[in-house]
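S.K.: The following block contains the structure, expressed as structure tokens.
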Amino acid sequence: MTNSDQKFTVLSGGVGGAKLVLGLRDILGADALQVVVNTGDDFEHIGLPVCPDIDTLIYTLADQANPETGWGRRGESWQFMDALAALGGDTWFRLGDRDLGTHVRRRELLQNGLTLSAATLEIAQAMGVPTLVHPMSDVPVQTLIATAAGEISFQDYFVRLQAQPVITGIRYRSESSAAPGPGALQALAAEDLTGIIIAPSNPWLSIAPILSVAELKSSILCNKAPVIAVSPIVDGQAIKGPTAKLMDELGIGASVVGIAEYYHDLIDGLVIDQKDKQHRAIIEGMGIQVAVTNTIMNDLQDKTRLAQFVCDFAMKLGTKPGKTLRQSQGQSA
Ligand code: FO1
């Protein structure tokens, strides 16, 4: 199938999402794609506004992502961190010298009165990334992790404590009800979309914060375009990160069926790995269309191949009668 005139909006978290977005950008072109990004991981660190998922995505699209760490910038050096350590500063969260430039520039733009959406656009353009990257909200929405020892911030859980604590609950906190980022809202409400794609990011840590912004979720539910998720679980294992551990801890059980159950009121289609094809019937029994392929993305060819597969699946699904039901659910939400 040809990709001309197709338009997609993607919901994305960090590395897994960025890989699929890169594949989509390569086959569709920058203009046919918009990305709504999780900001639940964002925090202020040593006085700087750090937005890990936004930066992972922009660095990936700019071919500036650090392949060694999976976060931060390619060709990184650590002189700032070494100097800070020598002075007794906080070093559990490592900001490389080049990455530091992004956070300092973002702070300057925010202090000049720009919204996070506008600052992100400015940084993306400066890095030669024309793809529209939209923060889910311009106001802070924090992912908070409940553990036996109390509630902790996302970065405390993920980086400082290396995702070791057992999770007993997760919530997404904003000071008032979080307003959607203007670009994010427009990208999900657009009437000419071929599909809305949920990238293979962690559903609870990366996608749920986006869905916690009520207007974004209802825009997805109301949109006539098919919604397709790509499973981040393959053969009971997470492709990356603590997704499988978290699913076990929340009593869901690490399986692609748990992913389908979590998204079932939202999606029309789920892309699962060929290693999970035995789960196809049970997922289809939930009213979700299933497409089976190799979902592991090691190189650029894997990314573009999976991206093309997802686009073709969206074309096949088209606008379905089932949309009427989701539309009315969305309006009452
Ligand atoms: N992850 C780590 O495991 N250790 C770090 O020191 C670290 C620093 C860091 C700096 C900037 C940035 O944008 C991301 C960084 N990350 C680090 C990754 C990040 O915290 C998580 O991978 C994401 O929040 C999850 O998507």
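S.K.: Among VAL234, ILE283, GLY253, which residue has its Cα furthest toward the positive end of the charge dipole of segment 225-284, with +1 on Lys/Arg Cβ and -1 on Asp/Glu Cβ?
M.R.: Selected residue: VAL234.
S.K.: Take THR115, THR60 and sort them by solvent-accessible surface of the protein heavy atoms, 1.4 Å probe, largest at the top.
M.R.: These residues rank, largest area first, as THR115, THR60.
S.K.: Pairs of Cα atoms under 8 Å, at least six residues apart: use those to get the relative contact order of the chain, whole percent.
M.R.: 20 percent
S.K.: Now a separate question. Roughly how many Å is it from the Cα centre of segment 265-300 to that of segment 33-64, as a whole number?
M.R.: 28 Å
S.K.: Using the heavy atoms of the protein chains alone and a 1.4 angstrom probe, what is the accessible area of segment 184-333 per residue in square angstrom?
M.R.: Computed with neighbouring chains in place, this is 40 Å² per residue.
S.K.: Another question, if that's okay. Could you tell me which of rounded, prolate or oblate describes segment 24-84, using a ≥ b ≥ c as the square roots of the eigenvalues of the alpha-carbon gyration tensor, with rounded for a/c under 1.5 and, failing that, prolate when a/b is larger than b/c and oblate otherwise?
M.R.: oblate
S.K.: Another question, then. Roughly what % antiparallel, to the nearest 5, for the DSSP beta bridges in the chain?
M.R.: For the chain, the DSSP antiparallel bridge percentage is about 40.
S.K.: As a test of understanding, state the convex hull volume per residue of segment 55-176 from its alpha carbons, in Å³.
M.R.: 142 Å³
S.K.: Can I ask one more? Return the sequence-ordered ³J(HN,Hα) values of segment 51-60 in whole Hz as given by the Karplus equation 6.51 cos²θ - 1.76 cosθ + 1.60 applied to θ = phi - 60°, using x for Gly and Pro.
M.R.: 10, x, 6, 4, 5, 4, 5, 5, 4, 5
S.K.: Using 7 Å Cα-to-Cβ label points, what is the ARG105/VAL166 separation (nm, one decimal)?
M.R.: Calculated label separation equals 4.5 nm.
S.K.: Given springs between every Cα pair under 10 Å in a Gaussian network model of the chain, which of PRO140, PRO209, PRO232 has the largest fluctuation?
M.R.: Highest fluctuation among the options: PRO140.
S.K.: If you don't mind, another one. Could you size up the charge dipole of the chain around its Cα centre, putting +1 on the beta carbon of Lys and Arg and -1 on that of Asp and Glu, and report it in debye to the nearest 20?
M.R.: Computed about the Cα centre, the dipole is about 560 debye.
S.K.: Could you order ILE46, ILE27 by accessible surface area, starting with the largest, using a probe radius of 1.4 Å?
M.R.: ILE46, ILE27
S.K.: As a check on your grasp of the helix formula, calculate [θ] at 222 nm for the chain: sum -39500 (n - 2.57) over DSSP H runs of n ≥ 4, divide by the residue count, round to the nearest 500.
M.R.: Helix contribution divided over all residues of the chain: -11000 deg cm²/dmol.
S.K.: Given Cβ point charges of +1 (Lys, Arg) and -1 (Asp, Glu) and nothing else, what value in debye, to the nearest 20, does the dipole of segment 41-134 about its Cα centre take?
M.R.: Taking the Cα centre of segment 41-134 as origin, the dipole is about 200 debye.
S.K.: Another question, if that's okay. Between ALA149 and SER176, what is 0.36 nm times their sequence separation minus the Cα-Cα distance? Round to one decimal in nm.
M.R.: 7.1 nm
S.K.: Moving to a separate point now. Calculate what fraction, in whole %, of the accessible area of the chain sits on carbon and sulfur atoms when a 1.4 Å probe is rolled over the protein chains.
M.R.: 51 percent
S.K.: How large is log10 of I(q)/I(0) for the chain at q = 0.09 Å⁻¹ when the intensity is taken from the Debye formula with one equal scatterer per alpha-carbon?
M.R.: Each listed q corresponds, in turn, to -0.44.
S.K.: A further question follows. Which cross-chain or sequence-distant (5 or more) residues have an amide H under 5 Å from the amide H of ALA254, H modelled 1.01 Å from N in plane?
M.R.: Long-range HN contacts for ALA254: ASP248.
S.K.: Taking the dipole about the Cα centre of the chain, with the C-beta of Lys and Arg at +1 and of Asp and Glu at -1, give me whichever of GLN64, MET297, GLN79 is farthest to the positive side.
M.R.: Checking the options against the dipole of the chain, the answer is MET297.
S.K.: Using only the Cα atoms of segment 190-323, construct the convex hull and provide its projected area averaged over every direction, in square nanometres to one decimal.
M.R.: Mean orientational projected area (segment 190-323, Cα hull): 7.9 nm².
S.K.: Per-residue accessible area for MET127 at 1.4 Å probe radius, Å² rounded to 10?
M.R.: Counting only protein heavy atoms, the figure is 40 Å².
S.K.: Over the alpha-carbon set of segment 132-174, divide Rg by the Kirkwood Rh and report the Rg/Rh ratio to two decimals.
M.R.: 1.07
The values are calculated or read from the model by the stated rules, or taken from the named source; none is laboratory data. Since the model is a prediction, treat every value here as computed from it, not as a measurement. So basically every Cβ, Gly included, is an ideal-geometry build from the backbone, and we count neighbours across all protein chains shown. The protein model used for the area step is the full one, side chains on, heavy atoms only, and it has no ligands, DNA or RNA in it. Shrake-Rupley method; radii C 1.70, N 1.55, O 1.52, S 1.80 Å.
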